[in-house]
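Trainee: Please read through the structure below; I'll follow up with questions.
The values are calculated or read from the model by the stated rules, or taken from the named source; none is laboratory data. Computed from a predicted structure; not experimentally measured. We place every Cβ from the backbone using ideal geometry, glycine too, and count neighbours over all the protein chains shown.
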Amino acid sequence: MRKETEMKKHLLIISILGVTLFLLYGASRAADLMKDFVSFDRAYIPALALTSQGKMEESKTAMNFLKENWKAFKKTYKTFKKKDLEWEKDFDKVEQAIVDADKIILNEKDLLKAHDVLEEIRMIFMKLRKRNNMDYFVDYLTEFHEPMEVIVLTAKGKTPETLTDGDVRGIQTSLNEALSLWKKIENVKFDEKLFGFSPDKTIKIKNYIKSESETLNKLQQTMASKDKKAMIQAAVAIKPNFANLFMMFGDFERIK
């Protein structure tokens with residue numbers, strides 16, 4: 001009986017150790033995944049930005065960088081989350097977007113079309129991470145981008161005479177959403193270690209966030225003033241600073 005009890009104790013210890021090691025391995029793999037999402041964005045963001053800027057040769061180089069990174073990322077993580085039935089489907093969607101954008105660029109077609117195709121990727125990965133409770137700073141920026149873009153596109157090219165009351169209401173609605181999302185960005189803890197940012201680069205990030213907060217507050221003030229000229233100027237002004245912030249997460253040095 002005593003030997004049997006001792007055996008049960010040993011088996012229990014072995015079982016606990018096995019579970020502990022399994023959990024530690026899973027946590028390690030999850031941490032590796034987040035680091036590799038950062039690496040993916042370093043390759044993805046230059047391709048996204050340069051196609052938007054209409055730079056053909058740089059876009060080709062950026063796409064090569066992205067394809068190289070994606071090949072390794074897909075090989076490592078396509079089957080990572082078996083319990084998420086959408087996981088592999090999302091990887092297939094990203095794969096198709098990269099193939100389609102690359103084809104457009106190689107044929108030297110409309111870069112803005114390639115940009116629109118690449119835009120889909122950040123939305124796919126944002127939803128994938130949220131679905132799996134992965135907290136990732138760039139996703140907060142992606143969320144904010146949507147109402148921000150509506151504001152800018154509504155005001156862009158307009159004059160006080162052509163900016164309708166409906167446009168003004170639309171800007172205000174999107175601004176309310178943008179301010180709510182921006183508040184999250186202001187309050188979330190930025191993990192400079194995950195992104196490998198130096199103290200100087202982290203300070204730049206915080207300065208961009210502060211500047212965007214000021215720009216959004218200025219737009220809010222102009223909306224209250226009913227001055228359409230000031231509204232247009234303030235609405236268009238919210239994008240450049242945000243774009244600079246977003247591009248901080250891309251590795252543009254590889255494109256030179």
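Trainee: I'd like to know if region 99-112 contains one or more residues that are in contact with a helix residue (DSSP H, G or I) (Cβ under 7 Å, 6 or more places away or on another chain), closer than 23 Å to F195 by Cα and modelled with pLDDT of 95 or more.
Mentor: No; the residues of region 99-112 include none that is in contact with a helix residue (DSSP H, G or I) (Cβ under 7 Å, 6 or more places away or on another chain), closer than 23 Å to F195 by Cα and modelled with pLDDT of 95 or more.
Trainee: Among the residues of region 53-64, are any within 19 Å of the chain's Cα centre (by Cα) and under 21 Å from L128 (Cβ atoms)?
Mentor: The answer is no; no qualifying residue exists.
Trainee: Moving on to the next point. Picking from E119, E143, which residue would you name as being within 24 Å of K55 (Cβ to Cβ) and within 16 Å of the chain's Cα centre (by Cα)?
Mentor: Numbers: E143 fails: within 24 Å of K55 (Cβ to Cβ).
Only one candidate qualifies: E119.
Trainee: Check off (1) within 26 Å of P46 (Cβ to Cβ); (2) without any contact (Cβ under 8 Å) to a residue 40 or more places away in the chain for I205 and give me the number that stays unchecked.
Mentor: Every condition holds for I205 apart from (2).
Trainee: Moving on to the next point. Having 3 or more residues that are surrounded by 14 or more Cβ atoms within 10 Å (Cβ to Cβ) and of a type in the set (V, I, T) is the bar; report the helices (runs of 4 or more DSSP H) wholly within region 160-228 that clear it.
Mentor: Numbers: elements: 165-187, 192-195, 199-225.
Where helices (runs of 4 or more DSSP H) fall fully within region 160-228 and carry at least 3 residues being surrounded by 14 or more Cβ atoms within 10 Å (Cβ to Cβ) and of a type in the set (V, I, T), they are 165-187, 199-225.
Quick grid of which residues meet (1) over 29 Å from F40 (Cβ atoms); (2) of a type in the set (A, V, I, L, M, F, W, C):
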| site | (1), (2) |
| --- | --- |
| I171 | yes, yes |
| N176 | yes, no |
| L179 | yes, yes |
| N187 | no, no |
| F190 | no, yes |
| S225 | yes, no |
| I232 | yes, yes |
